[in-house]
Amino acid sequence: MPIDRLPRRDLLRLAGLGILSAGLTACSSSASMVTPPTLVPSTASPEPVVTDPNEALSRLREGNQRFVADKEGHPNSSPSRRTTVAAGQQPFATILGCVDSRVPPELIFDRGLGDLFVIRTAGHTLDRAVTGSIEFGAAELKIPLILVLGHERCGAVKATIELLEGSGEAPGDIAMLVEAITPAVEAAHARPGDLLDNAIEINVTRTIATLRTSSVLAELIAQGKAKIAGAVYDLDTGAVRFL
Ligand SMILES: [Zn+2]
């Protein structure tokens, strides 16, 4: 990895070790002294465009492994990448996730500019604007993978459980969120184990099932041009568990 592409954190560490100053007089040899973290994608040349849904899934898995291991490569974050994607985008995955501030897709999958087509609503609740955006990504931008991403201790699912157990009503349009998540909570009651964890996972699978009823997506899935997958993010470890 060229030294000017190293993450800032690594540059500071090298400066502290005196390696950076030595590198100013022997630039090529200094770069070879740095062992790049494993699994980091090459930044020497642009990555090929992904059209295979399973390859897109692999990229997400690998990026999350880097995030969990604190070995992020921060790919596609340079000014040159900004210039490249200013002319057009070809993201490889749509992420439908929750608005929760602790689950930012680009960070947890270690990706950069132009990589992910991100839609976030509380509890990844669908409405026509959300489904239309996902359809647009799949049909117009030819994004091969749609990932519905739930997460541990989701506040929207937890609030729905609490409202169903109590007698209160959700104000404003929060009621629409509760209404959408309620079937997942009801289904979770029939399962052994933790109610919230089960409701979160069922909410993901139900969202996927609803998306599959889209005629636009169904046709692309039938042609092998798109795939819908589900996953749950662990707030404590940073790991994404694919369902
Ligand atoms: Zn949430």
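Just so it is clear, none of the values below were taken in a lab; they were calculated from the coordinates. Remember, it's a predicted structure, so these values are computed and weren't measured experimentally. Here the Cβ is made from the backbone with ideal geometry for all residues, glycine too, and neighbour counts use every protein chain on show.
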Q) Are any residues in the range 187-199 touching a residue at least 12 places away in the same chain (Cβ under 8 Å) and more than 12 Å from A159 (Cα to Cα), and if so, which ones? A) A187, A188, L195, D197
Q. Here are A93, A87: which of them is in contact with a strand residue (DSSP E or B) (Cβ under 8 Å, 6 or more places away or on another chain) and away from the ligand (no atom under 16 Å from the Cβ)?
A. A93
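In the range 64-75, is there at least one residue being within 11 Å of the chain's Cα centre (by Cα) and more than 16 Å from the ligand (Cβ to nearest atom)?
Within the range 64-75 (the criterion being within 11 Å of the chain's Cα centre (by Cα) and more than 16 Å from the ligand (Cβ to nearest atom)), the answer is yes, since at least one residue qualifies.
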Q. List, please: which pairs have Cβ atoms under 7 Å, are six or more places apart or on different chains, and start with a residue in the range 129-140 that is assigned to a helix (DSSP H, G or I) and end with one that is among the aromatic types (F, W, Y)?
A. G137/F117
Q: Scan the range 202-243 for residues that are farther than 23 Å from L107 by Cα, of a type in the set (K, R) and surrounded by 15 or more Cβ atoms within 10 Å (Cβ to Cβ) and jot them down.
A: R206, K225
**Q.** Candidate set: the range 118-133, residues that are in contact with a helix residue (DSSP H, G or I) (Cβ under 7 Å, 6 or more places away or on another chain) and small (G, A, S); chosen: the one surrounded by the most Cβ atoms within 10 Å (Cβ to Cβ)
**A.** G123
Q: Look through V148, V118 and report the one residue that is touching a Leu at 6+ places or on another chain (Cβ under 6 Å), of a type outside the set (K, R), in a strand (DSSP E or B) and within 16 Å of the ligand (Cβ to nearest atom).
A: V148
